[in-house]
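Notes to accompany the following structure.
The values are calculated or read from the model by the stated rules, or taken from the named source; none is laboratory data. From a predicted model like this one, the values you see are computed outputs, not experimental measurements. Every residue, glycine as well, gets a Cβ built from its backbone with ideal geometry; the counts of neighbours run over all protein chains shown. For accessibility, only protein heavy atoms count, side chains too; no ligands or nucleic acids. Shrake-Rupley method; radii C 1.70, N 1.55, O 1.52, S 1.80 Å.
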Amino acid sequence: MMLQTTPEEESFRAEVREWLQANVPRDPRPTDGKAMREYDLAWQRTQFEGGWAGISWPKEVGGRGLSLVEQIIWFEEYARAGAPRVGVCFVGLNHGGPTLIAKGTEEQKAFHLPKILKGEVVWCQGFSEPGAGSDLASLRTSAVIDGDHLVVNGSKIWTSYAQVADYQELLVRTDPNAPKHKGITWVICPMDTPGIEKRPILTMVGPDDFHFCQVFYNDVRIPLSNVVGAVNDGWNMANATLGFERGTAFMAEQIHYSSIIEELIELAAETVGPDGESTLLQDGEIASRLATARAEMAAMRAMTYATVSRAARGNPGPEGSLTRLFFAEAAQRIRKLSMDILGPQGLVLGADEGWTRSYMRSFAQTIAAGSSDVQRNIIGERVLGLPRGPKAS
Ligand SMILES: Cc1cc2nc3c(=O)[nH]c(=O)nc-3n(C[C@H](O)[C@H](O)[C@H](O)COP(=O)(O)OP(=O)(O)OC[C@H]3O[C@@H](n4cnc5c(N)ncnc54)[C@H](O)[C@@H]3O)c2cc1C
């Protein structure tokens with residue numbers, strides 16, 4: 001599948017390339033805490049000031065109002081320029097913001113969307129709970145209506161970047177007596193509200209890597225005007241969010257992997273193999289794995305284009321799981337290959353993101369945004385229309 005671009009789109013590409021060349025920050029991205037937040041927000045602000053934030057977002061909310069093809073061109077050039085990952089801006093830009101665009105009130109859009117685009121705020125996602133991950137609709141964090149507020153009690157877990165976030169897309173149970181999909185509400189939670197406690201969780205990536213938190217809510221009062229959609233209609237909102245998260249949210253990362261393969265090929269060409277003479281690129285097994293990875297990323301690219309043409313007609317829907325599943329598993333194979341090329345060098349953790357930290361982070365690919373098993377269930381049941389499996393007791 002080829003993406004046919006028009007002369008206008010190609011001139012857009014040239015403009016993007018020139019701007020990125022002049023503006024991509026070259027200092028390494030800090031991997032933790034306030035410094036990471038400041039770095040990611042500053043880069044988002046630079047993109048906004050340059051006129052490059054929200055390329056496919058509607059003009060009335062501060063975006064450029066361009067097509068998803070232009071968005072892809074931006075991501076392709078972004079990867080080619082070696083620009084920093086989206087980092088703490090991920091949720092706001094890739095699924096919080098898009099959910100508000102699709103389902104938010106005019107007031108919610110006017111207040112939040114410009115702040116996200118300008119790099120003024122960080123959003124996080126409070127969906128998973130200790131007893132509700134894959135089976136998200138089992139969530140138990142409760143909210144009762146008290147006057148014009150919701151009062152929230154409970155706990156969320158694996159909340160990426162909660163420690164540096166200003167707002168959260170939060171799912172709460174507002175009707176404990178309704179069938180489990182029917183009594184849920186999607187609400188914007190300001191993270192500085194009294195009663196919120198964040199406990200960072202250490203990951204295996206390193207002693208300084210606190211990617212996510214467990215978050216506790218103790219009588220947290222959130223204005224009812226922060227509800228997105230209607231009270232008790234949160235499952236529909238959550239599906240919109242997950243459609244973006246599994247469909248288009250990882251587009252930049254998926255495109256970025258094509259550049260990673262090319263870097264790996266260079267690395268293999270520079271690395272002398274165990275015989276002390278030939279390079280690892282001359283090693284048949286490594287060369288064949290690199291070729292497979294390159295072909296897989298070309299296939300990935302075709303799937304991304306297909307997702308984009310669906311997303312252009314609205315939310316990408318359950319088909320987003322096809323791309324998410326294929327990408328998550330291919331990314332893990334590619335990261336494993338990088339370790340096999342590096343050999344003992346791969347044991348060095350290093351201060352910045354680098355090959356080793358990225359390899360360790362890749363284990364999360366098949367869990368975050370829904371595990372591979374769950375994506376397979378969605379593909380089987382909602383894309384292919386296969387019968388549902390027996391219910392777990
Ligand atoms: C790096 C990272 C970042 C994350 N960030 C966030 C975040 O910001 N916000 C947020 O809300 N959550 C976040 N998560 C949580 C993530 O969404 C959940 O971990 C994921 O949905 C799986 O849920 P669980 O961990 O409870 O595992 P479980 O649901 O307990 O699953 C355990 C195992 O059982 C399998 N399984 C479960 N149900 C089925 C089924 N029906 N059929 C077949 N197999 C099944 C799973 O595939 C898995 O292998 C993050 C996770 C990671 C790893």
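Brief remarks follow.
- Accessible area of the range 237-393 belonging to carbon and sulfur atoms, whole % at 1.4 Å probe: 58 percent
- Heavy atoms of TRP57 accessible to a 1.4 Å probe, total area in Å² rounded to 10: 20 Å²
- Rounded, prolate or oblate (a/c below 1.5 giving rounded, otherwise prolate when a/b exceeds b/c) for the range 101-211 by Cα gyration tensor: oblate
- The range 177-222: radius of gyration over Cα atoms, expressed as a fraction of 2.2 N^0.38 Å: 1.58
- Set LYS103/LYS180; LYS34/LYS336; LYS115/LYS156; LYS103/LYS336; LYS118/LYS180; LYS59/LYS182 screened for pairs whose C-alpha atoms are more than 32 Å apart: LYS103/LYS336; LYS118/LYS180; LYS59/LYS182
- Based on C-alpha pairs under 8 angstrom that are at least 6 apart in sequence, the chain has a relative contact order of 14 percent.
- Taken over the range 1-116, the percentage of Cα pairs per 10 Å bin, counting from 0 up to the bin with the maximum distance, is 12, 42, 34, 11, 0.
- Sorting 357-369, 137-149 by their mean Cβ neighbour count within 10 Å, with the most densely packed peptide first, gives 357-369, 137-149.
- Qualifying GluC sites (Glu not before Pro) in the range 212-299, DSSP loop, other Cβ atoms within 10 Å at most 10: GLU277
- Over the residues of the chain, the helix contribution to mean residue ellipticity at 222 nm works out to -14000 deg cm²/dmol, using -39500 (n - 2.57) for each DSSP H run of at least 4.
- Taking the Kirkwood radius as Rh and the Cα radius of gyration as Rg, the range 260-307 has a ratio of Rg/Rh equal to 1.14.
- VAL383-GLU277 FRET efficiency (beta carbon distance; Förster radius 51 Å; 0.05 resolution): 0.55
- DSSP beta bridge pairing in the chain, given as percent antiparallel to the nearest 5: 85 percent
- Surface per residue (accessible, 1.4 Å probe) for the chain, Å²: 46 Å²
- Distance between the range 131-152 and the range 324-393 - C-alpha centres, whole angstrom: 29 Å
- The chain: C-alpha pair distances exceeding 42 Å, %: 12 percent
- Size-normalised alpha-carbon gyration radius of the range 151-281, reference 2.2 N^0.38 Å: 1.55
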